[in-house]
Amino acid sequence: MENEPSSSLFGLSIDDQSSTTLRTASQWGRVLSVLGFILGISILILGFVMYSKLMVSYQGTYRGSGAVQTAATRYLILCIVIAGVFITGAIFTLNFSNRVAIALNTSDQYSLNSGLIAIKSGIIFWAVIFIIFILLVLLAFIGIAFV
Amino acid sequence: MEQIQPGNTSLFQLNLDANNSYTLRSAASWAKVLGIIGIIFGILFVGIGLLVQNAVNKSPGQFEELGYRSNTGVMENMGTAGMVVYLCMGVITIIGSIFAFNFGGKIATALRTNDQNTLRTAFGALRNYFAYWGVLMIIGLLLMIIGIAAGTMQKM
């Protein structure tokens, strides 16, 4: 490995090929983050629209209005949480994309460091979210089994 | 425009110094965790799909026991459709997780063996991961728009 022309004297480096791949990754990351923002905001809007429609259509009716209002509030909270997850994930991805793009354009080592920290944070974020989801699914299964 | 600090740039190109390596190593470990959890999640999706199909297919009999009329064909179709949706979601999650696991594994190997080629393929895996989810998100958003448009057209 030491004789490879692309490896630097002191260790690994971002050579031309790696730079091209990272640039494409950062472009796709930007696309992903913009779509994440759009999806998050759409879910938020959808949640508020559904909430207001349910509240307005059941307002003043006697039967089941309390249950519908509770369900609508729960639905709104769920939409806010899901939108928050998507938007936070998109922020990490956008951070990575912007910083890596700056690092590759200006050969700035500091931006590369912060870009890599951003991708690490993004991966940790999604891993923790997945762990929480799996735990919730398992809890649901346990609940069903006991019922 | 950002000012390039003299201390921040290497002579020819960007390097993976000790600080970077540590961050990348940590990212690789978490990417592996994300990959494994994603695969478990995907398998759970497939399992839930099978359970849903089973439950929906059984339900016409339960309706009839209660004295209601039921349409067995429609219920079976619904069960199969539900299973297909869950199956697709499971497969999508598993493929995305394989990309994440690939990235983690290759970064770890590159840092351990100081292999530039493996580092390149690791960045390639990261690119594939982003591209995969990007394309899927575009498809998902398009389907959402089509669904909303169809719902609005039906109401008119």
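Descriptive notes on the structure:
- With respect to the stated conditions, B:Gly7 fails to be away from chain A (no Cβ under 12 Å) and either at pLDDT below 80 or over 31 Å from the mean Cα position of the chain (by Cα) (or both).
- Complete set of residues in the range B:14-29 that are within 20 Å of A:Gly122 (Cα to Cα), more than 7 Å from chain A (Cβ to nearest Cβ) and without any contact (Cβ under 8 Å) to a residue 60 or more places away in the chain: B:Tyr22
- Filtered residues of the range B:101-120 (kept if buried (at least 20 other Cβ atoms within 10 Å of the Cβ) and either under 20 Å from the mean Cα position of the chain (by Cα) or not in a helix (DSSP H, G or I) (or both)): B:Phe101, B:Asn102, B:Phe103, B:Gly104, B:Lys106, B:Ile107
- Selection count where residues are touching a residue at least 40 places away in the same chain (Cβ under 8 Å), farther than 13 Å from B:Ile95 by Cβ and at the interface with chain A (Cβ under 9 Å from one of its Cβ atoms), scope the range B:37-49: 2
- Extreme residue, surrounded by the most Cβ atoms within 10 Å (Cβ to Cβ), among residues of the range A:63-107 that are polar (S, T, N, Q) and within 30 Å of B:Leu24 (Cβ to Cβ): A:Thr93
- Breaking point among (1) modelled with pLDDT of 90 or more; (2) out of contact with any strand residue (DSSP E or B) (no Cβ under 7 Å at 6 or more places or on another chain); (3) of a type in the set (A, V, I, L, M, F, W, C), for A:Ala103: (2)
- With respect to being open to solvent by less than 40 Å² (accessible area, probe 1.4 Å), modelled with pLDDT under 90 and within 27 Å of the chain's Cα centre (by Cα), B:Gly79 fits the description.
- Conditions (1) without any contact (Cβ under 8 Å) to a residue 24 or more places away in the chain; (2) closer than 30 Å to A:Arg23 by Cα; number of the one not met by A:Ile77: (2)
- Within the range A:63-85, none of the residues are assigned to a helix (DSSP H, G or I) and either within 12 Å of chain B (Cβ to nearest Cβ) or acidic (Asp, Glu) (or both).
- Qualifying residue in the range B:87-95 (condition: at pLDDT 90 or above, in contact with a Phe, Trp or Tyr (Cβ under 9 Å, 6 or more places away or on another chain) and closer than 18 Å to A:Ala25 by Cα): yes
- Residues of the range B:109-125 classified as facing another protein chain (nearest Cβ under 7 Å), without any contact (Cβ under 8 Å) to a residue 60 or more places away in the chain and under 23 Å from A:Gly29 (Cβ atoms), total: 5
- Every condition in (1) open to solvent by less than 40 Å² (accessible area, probe 1.4 Å); (2) more than 8 Å from chain A (Cβ to nearest Cβ); (3) free of Cβ contacts under 8 Å to residues at least 12 places away in the same chain holds for B:Gly147 except the one numbered (1).
- Residue list for the range A:106-142, filter: acidic (Asp, Glu) and at pLDDT 90 or above: none
- Exactly one residue out of A:Ile117, A:Ile124 is at the interface with another protein chain (Cβ under 8 Å from one of its Cβ atoms), within 16 Å of the chain's Cα centre (by Cα), of a type in the set (A, V, I, L, M, F, W, C) and open to solvent by 60 Å² or more (accessible area, probe 1.4 Å): that is A:Ile117.
The values are calculated or read from the model by the stated rules, or taken from the named source; none is laboratory data. Note that the coordinates shown come from a computational prediction; the quantities given were computed from them, not determined experimentally. Positions of Cβ are backbone-derived with ideal geometry, glycine not excepted, and every protein chain shown enters the neighbour counts. Ligands, DNA and RNA are excluded from the accessible area calculation, which covers all protein heavy atoms including side chains. Shrake-Rupley method; radii C 1.70, N 1.55, O 1.52, S 1.80 Å.
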